[in-house]
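Contents: one structure, followed by commentary.
Bear in mind these aren't lab numbers, they're just calculated from the coordinates by the rules spelled out. Keep in mind the model is a prediction, meaning the values are calculated, not measured. All Cβ positions, even for glycine, are placed from backbone atoms using ideal geometry, and neighbour counts span all protein chains on display.
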Amino acid sequence: MSPIEGVVATLSMVMFVSFLVEGLVEFFLGEPFNQIKKLKPYKWLLMYASGAFGIVLAILYGFDLVATLGVFFGGNVSASLAGKVVTGLALGRGSGYLHDLLARALGERGSLYTLLEGVKGESEESWSDSTDSSSEPDPLSG
């Protein structure tokens, strides 16, 4: 797996986990806070619960967007606890926030979808470059 493929895989997993964090916090805490009258004044705590859940998952899974984006932009940034905490806070904010953040960070390189398409194209090109036209024909191609 090339470094850029590793970055794309990590970003994809981070987006998926942020979607899960957002949904699970809303499911387990959001509805009770909406339905139970005594909890409504404390609904602002959901934001902090979501952030804490995101931090725990980022640390457990080893997600560090700072280091990941450093690899993407050609830097030499190693993963750190601070990067994991920042990533966890972003996870806690939810998938919409994280998508906007990544779109800004990727800038002209485009969205995560565009990045995935680029990696797919690079993988296909590198595979076709590695095949030798003088080799025996593929028996499965008919």
The stretch 91-96 - phi-based ³J(HN,Hα) in whole Hz, Karplus 6.51/-1.76/1.60, Gly and Pro as x: 4, x, 6, x, 5, x
Report ³J(HN,Hα) in whole Hz for each residue of the stretch 59-70, in order, from the Karplus equation J = 6.51 cos²θ - 1.76 cosθ + 1.60 where θ = phi - 60°; Gly and Pro get x. 5, 5, 8, x, 7, 9, 5, 4, 5, 4, 5, x
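Grab the Cα-Cα distance for Gln35 and Val85, subtract it from 0.36 nm times how many residues apart they are, and report the gain in nm with one decimal.
Values: separation 50, 0.36 × 50 = 18.00 nm, distance 3.12 nm.
Net length gain for the segment: 14.9 nm.
Based on the mean of other Cβ atoms within 10 Å per residue, sort peptides 50-57, 67-74 so the most packed one is first. Working shown, then result.
Values: 50-57: 19.8, 67-74: 17.1.
The densest-packed peptide leads the list: 50-57, 67-74.
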Please give the contour-minus-distance gain from Phe19 to Ala52: 0.36 nm per residue of separation, less the Cα-Cα distance, rounded to one decimal in nm. 10.4 nm
Between Val77 and residues 5 or more places away or on another chain, which pairs have amide H atoms under 5 Å apart, with H built 1.01 Å from N, and which residues are they? Val71
Relative to the present Cα-Cα distance, how much length would full extension add between Phe27 and Phe73 at 0.36 nm per residue of separation? 12.9 nm
